[in-house]
Amino acid sequence: MRDSNALPRRNFLQAGAALLYAGSYPGSLNAAPALHSPKNLRALGRSLHGRLVLPGEMGYAMAAAPNNARYADILPLAVAMCADAHDVQLCLRWAAEHRQQFAIRSGGHNYAGFSTTRGLLIDVKAMNKVWYDLDKNRGYIQAGACNQDMADAFSGTNFAIPSGRCPTVGASGLVLGGGWGFSATHAGLTCDSLVQTDVVLANGQHVSVDDRGDYRDLFWALRGGGGGNFGVNTAFSFELHEVKDDVTIFNIVWPGEKQIELLMALQDIQRNHACQISTRTKAYPDAPGAHPKHAQLLVATLGQFFGPREKALEALAPALKLVKPSKSDIRQMSYWQARDYLITDDPNGMYDVRSSYVADGLPREALERMLHWMTKWPGGSLLPQNMGILFAIGGKVRDVACDATAYVHRNANYIFEMESAWAPIDSPDVVRRQQAWLSEYFAAMQPFMLRQSYVNFPSRELPHWANAYYGTNLARLMRVKKKYDPGNLFTFEQSIPPA
């Protein structure tokens, strides 16, 4: 056990009144009155090894902006660009003593806007070093590293940490919520490779957490229990996976015919090659107009096969023979070339998201309902390419017991995700109609779902969100929360409550 850099002060929880709306609930208009002043903020800034960025200063607009621009008007009191764990400790103590709401940010990609705030934004992006020790088979990252930072460090080697595909997503949020990526079915979730992490707790201690020391219960919770619930993670250690063999990428689009048969075939392909292939399969219209016709709905699959091209073609043959693709890119390449091919910055801009898990696959009736709701899309200026996506998350992910880590969704083969997105040119009425469509569509699909949702695809509109995110692991997570954060310092709209 390591207990380092603890500040010689009383526990944050003893500082003044209990902190209200602490965590990262943006726009919490009922928060306790801020007891800050420019003088106090300047004192905090002088104490940081990094930088405190105030409104009006150069860099503030960039530092404050979240990925989901629908929350861009939630402007922080200040942005603390932390350089190390010492800065994180100071910021947490300042927020507690001044009863000031705060949010924690590593990448800023929280879909529901929980990584922004009207209080103090504690940003760890400047803590972004990545390194490795091949003799120990370990990769090390600081909490501000993003997917691209990890790829840059490991590209050219024969080793990798299973991670996500969006380059700017923060690795902290990724691993703490589980960690889907195109390697998940073959190598497991990002959290499944985690062996140790450093955390600043609510009491101000900076501790090392793993599955052998005094914090085993906390280590369990941090592998799938979501970011911002138990402390501020400052660094992570991972077991490395060897990736010396080539993979085969595929990017295939079919015209608007035999969509149900194609989607059934693609699910069979994933099921029959559960640990060898990873797919992101979807249907979407060929133009942004309202109420697309059934014949306008295209089917597409993107992903990688862990093996040579000829074996990938054999696996994909049932779908390739069913309908001639309008686009077919199937190529063998190195793991790192494939990673660069598969990256995306989607979603970006202004958007809303819903997600559920699928146990085995979507039956014909579910696919018919999905396509029917796609034809009901009310329209907007953007092409709705993410109306219904099946992210494969079975294979190796299912080899771990549901209660072995906080990530409970080990009984699923897919995350089913749907989005609406809009641009500034879209009127408020267009946005309202899109959001109503999304809510009704999501509800219509629930009979075919596990009633579970991915905490890294959060939604403020999700009913029974705690059970959806954590299922049968919720009660244990609440006990861990009470043990390490009894005063509920880390709280936001969808934070885990103490038992």
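The values are calculated or read from the model by the stated rules, or taken from the named source; none is laboratory data. Bear in mind that the values here come from a model prediction, so they are computed numbers and not experimental data. A quick note on method: Cβ atoms are made from the backbone with ideal geometry, for glycine too, and the neighbour counts reach across all protein chains shown.
Determine if region 70-77 includes at least one residue that is at pLDDT 95 or above and under 25 Å from Gly204 (Cβ atoms). If you could, list the steps in order and put the result at the bottom.
Initial filter on region 70-77 (at pLDDT 95 or above): 70-77.
If we keep only those that are under 25 Å from Gly204 (Cβ atoms) as well, we get 76-77.
Among the residues of region 70-77, at least one is at pLDDT 95 or above and under 25 Å from Gly204 (Cβ atoms), which makes the answer yes.
Checking each residue in region 206-228 for being over 23 Å from Met81 (Cβ atoms), in contact (Cβ under 8 Å) with a residue 60 or more places away in the chain and in a loop (DSSP other than H, G, I, E, B) picks out Gly213, Asp214, Tyr215, Arg223, Gly224, Gly225, Gly226. Condition check: more than 30 Å from Asp152 (Cβ to Cβ) and of a type in the set (Ser, Thr, Tyr). Does Ser420 satisfy that? Against the criterion (more than 30 Å from Asp152 (Cβ to Cβ) and of a type in the set (Ser, Thr, Tyr)), Ser420 qualifies. Considering the conditions (1) out of contact with any Cys (no Cβ under 9 Å at 6 or more places or on another chain); (2) not in a helix (DSSP H, G or I), Asn128 is excluded by exactly one of them, (1). Taking region 387-499 as the region of interest, the helices (runs of 4 or more DSSP H) fully inside it that hold 1 or more residues being assigned by TED's automatic domain parsing to the domain that holds Ala366, hydroxyl-bearing (Ser, Thr, Tyr) and touching a residue at least 12 places away in the same chain (Cβ under 8 Å) are 428-445. The residues on offer are Gly144, Gly139, Gly164, and the sole one that is in a strand (DSSP E or B) and either polar (S, T, N, Q) or in contact (Cβ under 8 Å) with a residue 24 or more places away in the chain (or both) is Gly139.
Yes/no matrix, rows are residues, columns are (1) under 27 Å from Phe102 (Cβ atoms); (2) modelled with pLDDT of 95 or more; (3) among the polar types (S, T, N, Q):
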site	(1), (2), (3)
Asp123	yes, yes, no
Asn147	yes, yes, yes
Gln205	yes, yes, yes
Asp211	no, yes, no
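Scanning region 285-315 for residues that are among the aromatic types (Phe, Trp, Tyr) and more than 21 Å from Asn413 (Cα to Cα) yields a count of 0.
In region 56-68, what residues are in a helix (DSSP H, G or I) and buried (at least 16 other Cβ atoms within 10 Å of the Cβ)? I'd like the intermediate steps shown before the answer.
Of all residues in region 56-68, those in a helix (DSSP H, G or I) come to 60-64.
Correct list: Tyr60, Ala63, Ala64.
The residue of region 187-205 that is surrounded by the fewest Cβ atoms within 10 Å (Cβ to Cβ), among those that are within 19 Å of the chain's Cα centre (by Cα) and in contact (Cβ under 8 Å) with a residue 60 or more places away in the chain, is Gly188. Could you pull out the residue among Asn233, Asn203, Asn251 that is in the same structural domain as Phe305 (by TED's automatic domain parsing) and polar (S, T, N, Q)? That would be Asn251, the only listed residue that is in the same structural domain as Phe305 (by TED's automatic domain parsing) and polar (S, T, N, Q). If the condition is being of a type outside the set (A, V, I, L, M) and under 20 Å from Leu174 (Cα atoms), then region 412-434 contributes Asn413, Tyr414, Phe416, Glu417, Glu419.
Listed here are the helices (runs of 4 or more DSSP H) enclosed by region 257-368 that have at least 2 residues being β-branched (Val, Ile, Thr): 259-272.
Contact annotation: residue pairs with Cβ atoms under 6 Å, 6 or more positions apart or on different chains, pairing a residue in region 87-98 that is of a type in the set (A, V, I, L, M, F, W, C) with a partner that is assigned to a helix (DSSP H, G or I), are Leu90/Ser47; Leu92/Phe12; Trp94/Leu44; Ala96/Phe12.
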